[in-house]
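The values are calculated or read from the model by the stated rules, or taken from the named source; none is laboratory data. Computed from a predicted structure; not experimentally measured. In this analysis, Cβ positions are derived from the backbone assuming ideal geometry, glycine residues included, and neighbour counts consider all displayed protein chains.
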Amino acid sequence: MTFTRENTTGYTDAQLDEINAKWATIVETLGLECETEEYDETYGRFCSAVCRYDYMTESGIDWVAVFVRMDVAVDLRGQ
């Protein structure tokens, strides 16, 4: 899944490229496979995070670290 002008508003092409690169890094880091429940849930969290932050002022966020920590937190709560 990618963010495009058709499905995302308020971002420049360069910002969309950066958002898509961040998502690709998360997918690779977490070893997510398309069309799985884990992929869909993580994509949903990523979309929510993108919507919550003003990407213009929050571009320094380490999105991968945010999602890795979230997954670790979920694992710890489940034990």
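For the reader, a short list of remarks on this structure follows.
- When the residues of region 11-34 are filtered to those that are assigned to a loop (DSSP other than H, G, I, E, B) and at pLDDT 85 or above, the one that is surrounded by the fewest Cβ atoms within 10 Å (Cβ to Cβ) is GLY31.
Yes or no, residue by residue, for (1) within 10 Å of the chain's Cα centre (by Cα); (2) modelled with pLDDT under 65:
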position: THR9; (1), (2): no, no
position: THR36; (1), (2): no, no
position: SER48; (1), (2): yes, no
position: TYR53; (1), (2): no, no
position: TRP63; (1), (2): yes, yes
position: GLY78; (1), (2): no, yes
